[in-house]
Amino acid sequence: MTVRTRFAPSPTGYLHIGGARTALFCWLYARKHGGTFILRIEDTDLERSTVESVNAILEGMTWLGLDYDEGPFYQTDRFDRYRELAQRLLAEGKAYHCYCTKEELDAMREQQLARKEKPRYDGRCRLRREPRPGVPPVVRFRNPEMGEVVIEDLVRGRVVVRNSELDDLILVRSDGSPTYNFTVVVDDLDMGITHVIRGDDHINNTPRQINIFKALGAEPPLYAHVPMILGADGARLSKRHGAVSVMQYRDEGYLPEALLNYLVRLGWSHGDQEIFSIDQMIQLFEIEGINHSASTFNPDKLLWLNHHYIMHSDPAHVAHHLRWHLGQRGIDPTTGPDPVAVVKAQRERCKTLAEMAAASLFFYQDFDRYDEKAARKNLSQETRPALEAVYAALEDLTPWSREAIHDTVAVTAERLGAKLGHVAQPLRVAVSGTAVSPPIDVTLELLGRAKTLARIERALDYISNR
């Protein structure tokens, strides 16, 4: 059997963390077994589906690097196929027209609740032979009344549901639009899906879908229902827990591989290993390793992982993503040092790329003001001699290199009879506007001679005008 998995989001919002984890598990399983990963957009909810949401899903998949082999397929392009199979089920007596009105269904529900019964359709139109004038019918599935559905779930184990617990679900609404449970079965059938990996909130749909598969004379795929993701308070992860959109994590400065690494461990494990490259994920992932219980989202652990990837990834790769963050701040990276060099200089102290971009702005553009506390301490008449001396020493320095700058600042401090920090710290505030930057020799090398000298001059003017 050639493995074929699918990720099938509804385009009614962004790609959220739970959806991204589902997509990752489906993608990994297909890649592991040399199979096919399919993207399907389930857009039959015409009122809530939007083009913006479709684009957000596609953008999220692209940023994460979850490339799909087939698709994206859109359910709205397949309405003729759904109608065809609905007619077939009607012709074979496996579905029927139901003419019950909303008022009748509401009354039925109230009576069942009054009797403390589970609300469900009672099948009263199963034997109807004649249409009901003026009432557009729905198409209902004739669910088997006897027997049971057995789900050999790859995560939860065997799940058995009696058919008597299932009612006759609607396949096609009165306006002719197909319902979720019907379209999913038709799509999975036509697309040859072998493994359905999805959230366990779909577990109640699975026995209904299996029965539709069997009515169509098809073997259902294998199912793996993944436990949900919880927030720190134990409630299901939602907007109120903070960032849940994949692209929000990009905006906050996370690397895609850090988020993927975090997501793969959010409900799956391989011993005690925490760090996984993409190749290792593909090699080691198996559905059997998915946990049976819900996972708790831990932002601190994700931040730790992100810093690990910033520290240990190829600086050129990190710089590729840093350029985007600089651009978001109106910075053209070609107006300053190579972002690869900036990554090397900043990666130890910056846990996110947004933080790195903010801390690196002074390399690319002049700042409007000094940090007040840093300037009060380091830009004064007492530090003026040090700034003047280091300016004179740097003015004709050749070559302009980290080593030469370090020696120059050290010699200047020695001549003044001062500690190195008494020269380096005023110099740091003068060129960066703050008391924090990479080592002063690295900072000046990246900044360049012209900007360094100009900013020392500006600091001296600032001292004079205080």
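Does residue 255 fit the bill of being out of contact with any Ser or Thr (no Cβ under 9 Å at 6 or more places or on another chain) and of a type in the set (A, V, I, L, M)?
Criteria not met by residue 255.
Answer with yes or no whether residue 404 is part of a helix (DSSP H, G or I) and in contact with a Leu (Cβ under 7 Å, 6 or more places away or on another chain).
yes
Return yes or no: is residue 10 open to solvent by less than 70 Å² (accessible area, probe 1.4 Å), over 23 Å from residue 255 (Cα atoms) and touching a Pro at 6+ places or on another chain (Cβ under 7 Å)?
Judged against the criteria, residue 10 is not a match.
Can you say whether residue 358 is in a helix (DSSP H, G or I), more than 24 Å from residue 429 (Cβ to Cβ), open to solvent by 10 Å² or more (accessible area, probe 1.4 Å) and among the hydrophobic types (A, V, I, L, M, F, W, C), as far as the supplied structure shows?
no
Scan the range 22-52 residue by residue and report those that are under 27 Å from residue 277 (Cα atoms), open to solvent by 10 Å² or more (accessible area, probe 1.4 Å) and part of a helix (DSSP H, G or I).
22, 27, 29, 31, 32
Filter the range 373-389 for residues that are in contact (Cβ under 8 Å) with a residue 60 or more places away in the chain and not in a helix (DSSP H, G or I); which is least open to solvent (accessible area, probe 1.4 Å)?
379
Provide a single number: the residues in the range 130-168 that are open to solvent by 70 Å² or more (accessible area, probe 1.4 Å), closer than 30 Å to residue 287 by Cβ and free of Cβ contacts under 8 Å to residues at least 60 places away in the same chain.
5
Quick one: how many residues across the range 215-249 are closer than 27 Å to residue 192 by Cβ, free of Cβ contacts under 8 Å to residues at least 40 places away in the same chain and surrounded by fewer than 19 Cβ atoms within 10 Å (Cβ to Cβ)?
Looking only at that region, the number is 3.
Among the residues in the range 106-125, are any touching a residue at least 60 places away in the same chain (Cβ under 8 Å) and more than 21 Å from residue 201 (Cα to Cα)?
No; the residues of the range 106-125 include none that is touching a residue at least 60 places away in the same chain (Cβ under 8 Å) and more than 21 Å from residue 201 (Cα to Cα).
(1) within 30 Å of residue 248 (Cα to Cα); (2) in contact (Cβ under 8 Å) with a residue 60 or more places away in the chain: which one isn't true of residue 66, the others all being true?
(2)
In the set 392, 413, 418, which member is over 29 Å from residue 330 (Cα atoms) and surrounded by fewer than 15 Cβ atoms within 10 Å (Cβ to Cβ)?
From the options 392, 413, 418, the qualifying one is 392.
Just checking, does the range 451-458 include any residue being of a type outside the set (Lys, Arg), open to solvent by 30 Å² or more (accessible area, probe 1.4 Å) and either in a helix (DSSP H, G or I) or free of Cβ contacts under 8 Å to residues at least 12 places away in the same chain (or both)?
Yes; the residues of the range 451-458 include at least one that is of a type outside the set (Lys, Arg), open to solvent by 30 Å² or more (accessible area, probe 1.4 Å) and either in a helix (DSSP H, G or I) or free of Cβ contacts under 8 Å to residues at least 12 places away in the same chain (or both).
Sort out which residues of the range 422-438 are open to solvent by 40 Å² or more (accessible area, probe 1.4 Å) and either without any contact (Cβ under 8 Å) to a residue 24 or more places away in the chain or assigned to a helix (DSSP H, G or I) (or both), and write them in order of number.
Scanning the range 422-438 gives 422, 425.
Given the options 123, 157, 176, 199, name the one that is on the phi < 0 side of the Ramachandran plot and of a type in the set (Gly, Ala, Ser).
199
Which of the residues spanning the range 100-129 are open to solvent by 60 Å² or more (accessible area, probe 1.4 Å) and of a type in the set (Gly, Ala, Ser)?
114 - this is the single residue of the range 100-129 that is open to solvent by 60 Å² or more (accessible area, probe 1.4 Å) and of a type in the set (Gly, Ala, Ser).
The values are calculated or read from the model by the stated rules, or taken from the named source; none is laboratory data. Given the structure is predicted, the values throughout are model-derived calculations rather than measurements. Because the Cβ atoms are built from the backbone with ideal geometry, glycine has one as well, and the counts that use them run over all protein chains shown. Heavy atoms of the whole protein, side chains included, go into the accessibility calculation; ligands, DNA and RNA do not. Shrake-Rupley method; radii C 1.70, N 1.55, O 1.52, S 1.80 Å.
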